[in-house]
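To start, the structure under review is shown below, and the notes come after it.
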Amino acid sequence: AKEPVRVLVTGAAGQIGYALVPMIARGVMLGRDQPVILHMLDIPPAAEALHGVKMELVDAAFPLLKGVVATTDVVEACTGVNIAVMVGGFPRKEGMERKDVMSKNVAIYKSQASALEKYAAANCKVLVVANPANTNALILKEFAPSISEKNITCLTRLDHNRALGQVSERLSVPVSDVKNVIIWGNHSSTQYPDVNHATVKTPAGEKPVRVLVANDEWLNGEFITTVQQRGAAIIKARKLSSALSAASSACDHIRDWVLGTPEGTWVSMGVYSDGSYNVPAGLIYSFPVTCCNGEWTIVQGLPIDELSRKKLDLTAEELSEEKALAYSCLS
Ligand code: NAX
């Protein structure tokens, strides 16, 4: 039998946490044959709710779940974890300045970076979900210098999956037949959902999405804004932000990272830029990646047309500004 893997979920008493922990305990994230021990962290005001989630995990009697740590102590939460999914953060409230929200999250991610660096298992893989996701991940990277930059990522898989979903709906094809969309840049409304290299499986082989949709106006307009604004549309409909889709996408992100992407398929992940595609190095930016043996690699050599170039640059500019704002909160 396999040794259990320890998975940390921060913000585990929140909405996404509530959807995510049962998925992990069922093997959706790491496989149906992989036992897990869940570490759940939240802050003292949420301690009782967190305890309630732990009670429900016990009550669900998940066969793969070999233990649950529910705590408000960062050190206890981080000790020995192999995977860390960072969902906890300070939300933007009405009337709050961007700088104030940034400053709260910088403080949280700085201190959790130090705890992970000291107490997590060697080679711990980190996924930041909490917004501003890319910049929180960057702060985490800066304050956990002994964790390899290859091990620190942020979630743009939800946006990627939203793009697959929109193409699937438009063409009335199963979403599993659509692949290789790309989310470039920030997990924000400046992200660029790109279908220029995406394909659909048909009885006659793989066909480009552009050819099948045959409507550039829709693909360059409404499709992009729908994906960019989907989070807001969910809030409007549910009066709550995306939770089940965010949790499911977080599982997809970690599963593909650990177990590998299928041959011929790439996914989108926010990763540390090495300057690929002329994206400034030193940002956490969403790229198309393939994964093998627990490592991601940016897909190289995709042609970028003029329209795309502008959109890649625009979202990079926003991330550079966020980075500057985050640094200004440190001093
Ligand atoms: P909730 O407010 O329901 O849950 C957040 C939880 O984090 C709360 O229980 C809170 O007590 C806890 N928390 C706050 N500070 C903490 C700290 N220092 N340490 C540990 N826990 C702490 O929000 P939810 O809807 O679950 O969303 C969580 C985060 O995901 C938000 O930042 C949200 O913006 C972000 N999202 C990111 C997405 C992505 O694709 N990257 C999509 C979904 C989501 O909007």
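Throughout, read-outs are computed from the coordinates displayed, never taken from laboratory work. Bear in mind that the values here come from a model prediction, so they are computed numbers and not experimental data. We place every Cβ from the backbone using ideal geometry, glycine too, and count neighbours over all the protein chains shown.
Here the relative contact order of region 96-145, from alpha carbon pairs under 8 Å that lie six or more residues apart, stands at 51 percent. In terms of surrounding Cβ atoms within a 10 Å radius of their Cβ, 59, 274, 313 rank from fewest to most as 59, 274, 313. Here's the list of aspartates and glutamates a cross-link from residue 201 could span, going by alpha-carbon distance under 15 Å and ignoring same-chain residues fewer than 8 apart: 169, 177, 263.
With contacts taken as Cα pairs under 8 Å at a separation of at least 6 residues, the chain carries a relative contact order of 17 percent. With a cut-off of at most 11 other beta carbons within 10 Å, and DSSP calling the residue loop, which trypsin sites (Lys or Arg not before Pro) in region 198-284 qualify? Please list them. Taking region 198-284 and a limit of 11 other Cβ atoms within 10 Å, the loop trypsin sites (Lys or Arg not before Pro) found are 239.
Axis angle, to the nearest 10 degrees, between helix 133-142 and the longest C-alpha principal axis of the chain: 60 degrees. In the elastic network of the chain, a GNM with C-alpha springs shorter than 10 Å, the most mobile of 166, 228, 112 is 166. Here's the list of lysines a cross-link from residue 118 could span, going by alpha-carbon distance under 28 Å and ignoring same-chain residues fewer than 8 apart: 2, 54, 66, 104, 110, 141, 150, 323.
Exposure proxy shown here: for 110, 150, the number of other Cβ atoms within 10 Å sets the order, fewest to most, as 150, 110. Using the Cβ-Cβ distance between residue 104 and residue 172 with R0 = 56 Å, the FRET efficiency computed as 1/(1 + (r/R0)^6) comes to roughly 0.80. Using a simple spin-label model with pseudo-atoms 7 Å out from Cα toward Cβ, residue 55 and residue 202 lie 5.6 nm apart. Backbone geometry of region 211-225 corresponds, through the Karplus equation with coefficients 6.51, -1.76 and 1.60 at θ = phi - 60°, to 3J(HN,Hα) couplings of 6, 5, 6, 6, 8, 5, 4, 5, 5, 8, x, 4, 4, 5, 5 Hz, x marking Gly and Pro. Taking the longest Cα principal axis of the chain as reference, the axis of helix 98-119 is set at about 60 degrees.
In the chain, the calculated helix contribution to ellipticity at 222 nm averages -13500 deg cm²/dmol per residue, counting -39,500 (n - 2.57) for every DSSP H run with n ≥ 4. The relative contact order of region 204-331, computed from alpha carbon pairs under 8 Å that lie at least 6 residues apart in sequence, is 15 percent.
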